[in-house]
Amino acid sequence: MKQFWKPRYSVTLTAVLTLLAACCMGIALVFVIQLVVGAYPDYVWERLAWHYYGVDTAYLQAHFATMKEALLHAVLPYAIGILVSYPAAVVLLDRLVRILWNIRKEDVFSKGNVESLRAMSWCCFFAAGVLAVAAVWAEVDFGVGLAGLRLLSMTSICFIGIAAAAAFAGLIIRVIKNCFAKAVALQEENDLTV
Amino acid sequence: MIVINLDVLLAKHKTTSQELAEYLGITPANLSILKTGKAKALRLHTLNEICRFFRCQPADLLEYKEDELL
């Protein structure tokens, strides 16, 4: 049988996926900034209010201005959480590209890659912390001020889930970093054996 | 620490490191690691070949020097 997949395609696939992730990040940033500066038209807010409060349309129309204000206030912690954790994602992506570049140069078990993995794991932990704090902040801020609200919003649940996933990713990267550090030592020993 | 007296042996036998590298079947770069004392380990096979090349004993190549106490 003809073999379609070759091992050298793997790095290319990873590079393509990284590019895709970078595009997603860019799109997300545009959305969040639009949210913060209030660039969305009213029907988006209507829809959001309907989702959050589940109120009938007549009530919504009567109190739209107040509700929009309240919603903008409510989504702010999430938006700020994303914006604060954004640099971590940029650093993570940058390190990822650097590691990929090093792999292309056949320089896999190097000290630079270990350093990159270390930075990546800390970025994950940082992002996890920020997102968790944002979710808690949103709940506390939101829960007291407004009546008729579900105590734990879907957004907060998602944020906590993403934070947990990021923390786990950080943990995994950390273990891989420890393995890598060991591999670098072995590689050095091997290189200096005549 | 262990000192590798490869340059002494090379001078004594009036051979070049290039020749030795060819005989051992290793690259000059690797031999240079051995000569400059950067090597972390020496394969018994390599030691055997070096002894065969110079017709000497391992003790002629390797020397133990007392580490300086800081």
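Only the coordinates and a few stated rules stand behind these numbers; no lab work does. None of the values given here were measured: they were computed from a predicted structure. Please note: Cβ atoms are built from the backbone with ideal geometry, for glycine as well, and neighbour counts cover all protein chains shown.
Working from the alpha-carbon coordinates of chain A, get Rg over Rh, Rh being the Kirkwood radius.
Using only Cα positions, Rg/Rh for chain A is 1.14.
Taking 19 Å as the cut-off for C-alpha to C-alpha distance, list the pairs among A:105/B:38; A:105/A:182; A:111/A:182; A:111/A:177 that go past it.
A:105/B:38; A:105/A:182
Which whole-angstrom value gives the distance between the alpha carbon centres of the range A:64-130 and the range A:168-194?
23
Using alpha carbons only, how many angstrom separate the centre of the range B:1-34 from the centre of the range A:3-59?
62
Average partner chain C-beta neighbours within 10 Å, per residue of A:187-194?
Working: counts 0, 1, 2, 2, 5, 8, 9, 20.
Averaged over the peptide's residues, the number is 6.
Rounded to whole Hz and in sequence order, give me ³J(HN,Hα) for the range B:16-23 from the Karplus expression 6.51 cos²θ - 1.76 cosθ + 1.60, θ = phi - 60°, writing x for Gly and Pro.
Running phi through 6.51 cos²θ - 1.76 cosθ + 1.60 with θ = phi - 60° gives 9, 5, 4, 4, 4, 4, 5, 5 Hz.
Eigenvalues of the Cα gyration tensor times 5, then square-rooted: what semi-axes does that give for the range B:2-64, in whole angstrom, largest first?
Working through the eigenvalues yields semi-axes of 15, 14, 12 Å.
For residue A:12 and residue A:58, what does the FRET efficiency come to when R0 = 41 Å and r is the distance between their Cβ atoms, rounded to the nearest 0.05?
0.15
Exposed loop sites here are trypsin sites (Lys or Arg not before Pro) in DSSP loop states with at most 12 other C-beta atoms within 10 Å. What is the longest stretch of chain A lacking them? Write out the running numbers ahead of the final one.
Values: sites that count: A:2, A:8, A:105, A:150.
Longest site-free region, per DSSP loop and neighbour criteria: A:9-104.
In a Gaussian network model over chain B where Cα atoms closer than 10 Å are linked, find which of B:24, B:44, B:34 has the largest mean-square fluctuation.
Among B:24, B:44, B:34, the largest mean-square fluctuation in the Gaussian network model of chain B belongs to B:44.
Express the relative contact order of the range A:9-191 as a whole percentage, based on alpha carbon pairs under 8 Å and six or more residues apart in sequence.
It comes to 23 percent, rounded to a whole number.
Determine, from the Cβ-Cβ distance of residue B:1 and residue B:29 and an R0 of 22 Å, the FRET efficiency 1/(1 + (r/R0)^6), rounded to the nearest 0.05.
0.45
Considering only the other residues whose Cβ falls under 15 Å of the Cβ of residue A:38, what net charge follows from Lys and Arg at +1 and Asp and Glu at -1?
Surrounding charge for residue A:38 is -2.
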